[in-house]
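Here's the structure we're looking at; comments come further down.
The values are calculated or read from the model by the stated rules, or taken from the named source; none is laboratory data. Note that the structure is predicted; figures quoted are calculated from it, not measured. Heads up, the Cβs are rebuilt from the backbone with ideal geometry, glycines too, and the neighbour counts pull from every protein chain shown.
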């Protein structure tokens with residue numbers, strides 16, 4: 001079994017690099033039963049998820065990971081990932097805090113994203 | 001199949017009510033293969049998880065949920081939950097932001113916590 005911490009790190013590094021440079025390519029990480037909850041909206045399937053990700057209303061975005069945690073999530077080799085970090089958008093100088101959780105599922109020698117939930121975090 | 005959103009809401013309401021009033025009772029929600037990652041520490045099994053939760057160095061704690069999202073996480077009826085919220089500890093006037101993700105797994109007509117990852121979120 002792959003080291004789940006290492007898989008989680010490689011996945012998130014790749015995910016945010018692609019997100020920040022070539023968002024449409026992220027669609028390859030999802031399948032037709034994959035789910036994305038982004039703030040108050042829920043999407044299922046590669047088409048709907050791609051539409052949401054590419055339709056986000058900012059041109060430039062940079063994710064900075066602050067924490068990354070992972071746990072095995074199923075006997076089949078799934079991995080649960082929790083990220084917290086900061087998001088810099090367009091010309092905004094002030095970063096926003098966010099959290100995102102993924103469940104990665106092994107298939108064909110790699111992993112796809114079954115679950116993806118994203119939330120901005122506002123100071124209490 | 002139970003409504004995963006409703007299960008997630010009932011679970012989190014119960015979880016934080018018990019956490020804030022009678023922390024040791026939370027052990028009933030975990031099993032021997034359950035995992036807890038709390039900040040930088042990882043625990044597995046009811047004994048280790050109970051030890052961590054009851055050993056947290058505060059007497060009074062209040063969780064306030066800001067957002068709650070859920071998705072089905074397995075064909076077996078698992079539910080992935082992502083919470084963001086604020087935490088008030090002891091006499092501190094200033095709340096801390098936190099995020100927590102759970103995977104709930106159905107068993108014996110109810111659900112137990114297979115995965116639990118908790119992180120404080122600091123402003124960017």
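The requirement of being surrounded by 13 or more Cβ atoms within 10 Å (Cβ to Cβ), over 19 Å from residue B:100 (Cα atoms) and in contact (Cβ under 8 Å) with a residue 60 or more places away in the chain is not satisfied by residue A:45. Residues of region A:36-68 that are within 19 Å of residue B:78 (Cβ to Cβ) and either at pLDDT below 95 or touching a helix residue (DSSP H, G or I) at 6+ places or on another chain (Cβ under 8 Å) (or both): A:36 alone.
Could we say that residue A:25 is touching a helix residue (DSSP H, G or I) at 6+ places or on another chain (Cβ under 7 Å) and either outside any helix (DSSP H, G or I) or at the interface with chain B (Cβ under 10 Å from one of its Cβ atoms) (or both) here? Criteria not met by residue A:25. Consider region B:84-105 and keep the residues that are more than 8 Å from every other protein chain (Cβ to nearest Cβ) and over 16 Å from the mean Cα position of the chain (by Cα). The one that is surrounded by the most Cβ atoms within 10 Å (Cβ to Cβ) is B:89. Could you list all residues from region A:64-82 that are more than 8 Å from chain B (Cβ to nearest Cβ) and surrounded by fewer than 19 Cβ atoms within 10 Å (Cβ to Cβ)? A:65, A:68, A:75, A:76, A:77 - these are the residues of region A:64-82 that are more than 8 Å from chain B (Cβ to nearest Cβ) and surrounded by fewer than 19 Cβ atoms within 10 Å (Cβ to Cβ).
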